[in-house]
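Take a look at the structure below.
The values are calculated or read from the model by the stated rules, or taken from the named source; none is laboratory data. What you see is a predicted model, and the numbers here were worked out from it, not measured in a lab. Neighbour counts are summed over all protein chains in view; Cβ atoms, including those assigned to glycine, are modelled from backbone coordinates with ideal geometry.
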Amino acid sequence: MARTDADTSPARIARLPVIGTHMRPNVEAVLARKPDLVLQMAGRKEASLPVEALRRRGVPVAVFRAETFAELFSVIQRVGVLTGSEKRAEAMVRDMKKRLAALDARMAKAAKRPRVFYEVRSPDMLAAGDGGIVDEIVRHAGGVNCVADAPGKFARVSEEEIIRLAPEVYIIQRGPMNQTPLPLDKRPRLAVIPAARTGRAWFVDEKKYARPGRQSVDAAEELARLLHPELFPATARAAAAAPNKDGK
């Protein structure tokens with residue numbers, strides 16, 4: 001077995017050898033492991049190049065796309081079949097669906113769904129559009145993606161456009177795509193948006209929110225507590241303190 005350099009959880013996989021990034025794996029390093037199967041997430045065109053190189057050398061490669069919860073559930077089930085873990089995969093999907101259904105039922109009681117801006121990258125600004133898992137996380141969390149009319153996974157926006165959108169909540173992902181983002185209160189041009197005036201701006205973990213997986217349900221539950229603390233007990237509200245406002 002082996003992993004990419006971005007795969008760090010669960011902790012037990014840290015001992016596995018690294019074969020490069022998910023977009024540019026080292027083909028020779030993969031071949032050296034003599035794999036029975038390689039799993040690859042679909043991505044930009046360059047991600048297909050190592051896939052074809054491995055297939056030409058006789059290595060079975062399964063390519064998956066998981067940009068929605070429905071696609072994610074399908075991927076988990078198919079990987080379960082490929083690895084002989086069908087029952088475990090089915091149980092995982094049932095649990096995730098049950099948690100999302102419970103969250104949807106709770107969010108149905110919300111008096112209002114706030115308009116949410118999700119920052120993918122800054123200062124060369126990218127926002128989450130309507131074509132990815134983040135948009136679904138926001139919806140299950142009882143929010144409205146204010147960039148949802150932009151087709152595709154990402155939308156390039158300006159500060160002027162953010163001011164026009166007037167988001168009530170501003171979410172800043174922090175991770176490989178957005179390594180050193182400033183907190184919203186350090187961005188004077190955005191001081192006029194409702195999220196800045198009310199202090200409803202939080203940092204979140206890019207891997208939890210933007211990389212589809214079992215943690216995507218965790219992200220939806222976490223965001224729901226931030227958007228709708230009135231729908232959760234005081235103990236649950238305190239647990240939502242993990243995402244922070246100060247950038248530390």
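May I ask you to verify whether VAL144 is within 16 Å of HIS228 (Cα to Cα) and free of Cβ contacts under 8 Å to residues at least 60 places away in the same chain? For VAL144, the condition - within 16 Å of HIS228 (Cα to Cα) and free of Cβ contacts under 8 Å to residues at least 60 places away in the same chain - is met.
Please find, within the range 194-215, the residue that is farthest from the chain's Cα centre (by Cα) out of those that are in a loop (DSSP other than H, G, I, E, B) and farther than 23 Å from LYS153 by Cβ. Spell out the reasoning first.
Within the range 194-215, the subset in a loop (DSSP other than H, G, I, E, B) is 199-200, 211-214.
With farther than 23 Å from LYS153 by Cβ added as a condition, the list becomes 199-200.
Working: GLY199: 23, ARG200: 20 Å.
So the residue we want is GLY199.
Annotation note: of ARG106, ARG12, the sole residue that is free of Cβ contacts under 8 Å to residues at least 40 places away in the same chain, over 18 Å from the mean Cα position of the chain (by Cα) and either assigned to a helix (DSSP H, G or I) or not assigned by TED's automatic domain parsing to the domain that holds VAL144 (or both) is ARG12. In the range 143-170, the residue that is farthest from ASP104 (Cα to Cα) out of those that are surrounded by 17 or more Cβ atoms within 10 Å (Cβ to Cβ), touching a helix residue (DSSP H, G or I) at 6+ places or on another chain (Cβ under 8 Å) and small (Gly, Ala, Ser) is ALA148. Being touching a His at 6+ places or on another chain (Cβ under 8 Å) and under 17 Å from ARG115 (Cα atoms) is a description that applies to GLY142. Would you confirm whether or not the range 22-37 contains a residue that is touching a Gly at 6+ places or on another chain (Cβ under 6 Å), within 24 Å of GLU90 (Cβ to Cβ) and either of a type in the set (Asp, Glu) or assigned by TED's automatic domain parsing to the domain that holds PRO176 (or both)? No: the range 22-37 contains no residue that is touching a Gly at 6+ places or on another chain (Cβ under 6 Å), within 24 Å of GLU90 (Cβ to Cβ) and either of a type in the set (Asp, Glu) or assigned by TED's automatic domain parsing to the domain that holds PRO176 (or both).
The residue of the range 144-178 that is nearest to ILE193 (Cα to Cα), among those that are in a loop (DSSP other than H, G, I, E, B) and of a type in the set (A, V, I, L, M, F, W, C), is ALA166. Within the span defined as the range 76-83, every residue fails to be more than 30 Å from PRO233 (Cβ to Cβ), touching a Gly at 6+ places or on another chain (Cβ under 6 Å) and among the small types (Gly, Ala, Ser). No other residue among VAL116, VAL61, VAL93 is closer than 30 Å to GLU28 by Cα and either β-branched (Val, Ile, Thr) or surrounded by 13 or more Cβ atoms within 10 Å (Cβ to Cβ) (or both) apart from VAL61.
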